[in-house]
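Read-outs throughout are calculated quantities, based only on the coordinates presented, and are distinct from any laboratory measurement. Since the structure is predicted, the reported quantities are computational estimates derived from the model, not experimental observations. With ideal geometry, Cβ positions are generated from the backbone for all residues, glycine too; neighbour counts draw on all protein chains shown.
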Amino acid sequence: MKRFDVAERPSVDYETIRVSPLTPTIGATIEGIDLARPMTDQQFAEVHRALANHLVIFFRDQRMSIEQHKALGRRFGELHVHPVYGMKGHPEVLEIKTDENSKGVAGEVWHTDVSCDAQPPMGSILYMHEVPVNGGGDTLFANMYAAWETLSEPIRTMLDGMRAVHDGDYTYGVRQKQGQGEYPKSSHPIARTHPVTGRKALYVNNGFTTRIEGLRRSESDAILQMLYRHIELDDFKCRFHWAPGSVAFWDNRCTQHLAVWDYFPHRRYGHRVTVAGDTPV
Ligand code: SIN
């Protein structure tokens, strides 16, 4: 079954950073950089290369103010403002907060961030402040190039060129229950081509995608369910265990993620800064 490209395997010393893969298919830990300081052009190029090679990159023991966190995001592009949840005084920051009063957590199902937007975010940078006192609260990430490449050829031929609807109301309408929200809704290709790597990635997700255009409801539901099961295969996943000061930077164009809520009633708290993206093609 394993028919997808894997990135460089052993730890690699770039000029300014060390990159250590977490699994053969996705994820790498980056050492040798202080994210609170402005990146040199060389550091930026190397972090960007590590992200393109590994899809999600992790940093340990960082300390950033909100302004430094936003500056880090801005190094990679304009900041995205979440259509529903912005932090008071910092609309570009999303608080990731769970405690004994939570009825749900952000990102409990496999998804890519805010894919209901016409131009969904390119990447997200989550900085964890507080982890659950008795453990838990990991985040899973999955490689959507591999998900696309491991579909059988007849299925890829059928889906390539088709589009699906991503509806914000499906996620935020149900969770928010405010009743008056107008949430973004967009149509995107089922296989999108990554603007940096040129590779195709599967781009439907259980958080936002509601139907495949041009199919009967029953056909669309069956195919989406099949794809969601496929996305969950262990072959192309990694699991990140957070500590205070950990940072994860994922590329929303070629990954999905899921926040594991296995620590109720304990508290987990972090800030996410999200980098704006372009129209999926
Ligand atoms: C999210 O951005 O979907 C939340 C991820 C997490 O809390 O681990």
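Placing +1 on the Cβ of every Lys and Arg and -1 on the Cβ of every Asp and Glu, with nothing else charged, gives region 212-266 a dipole about its Cα centre of roughly 60 debye. Considering only Gly207, Ser246, Met122, and ranking their Cα positions along the charge dipole of the chain that arises from unit charges at the beta-carbon of Lys, Arg, Asp and Glu, the one farthest toward the positive end is Gly207.
Using only side-chain charges placed at the Cβ, +1 for Lys and Arg and -1 for Asp and Glu, the dipole size of the chain relative to its Cα centre rounds to 300 debye. Dipole size of region 91-179 about its Cα centre, with +1 on Lys/Arg Cβ and -1 on Asp/Glu Cβ: approximately 220 debye, rounded to the nearest 20. Note on the chain: GNM, Cα springs under 10 Å; of Lys97, Lys185, Lys88, the largest mean-square fluctuation is that of Lys88. If the chain linking Ser218 and Gln119 were pulled fully straight, counting 0.36 nm for each residue of separation and taking away their Cα-Cα distance, it would gain 32.8 nm. Close amide-amide hydrogen proximity is noted between Asp113 and no other residue 5 or more places distant or on a separate chain, at a cut-off under 5 Å (H modeled in the peptide plane; Pro and chain starts excluded).
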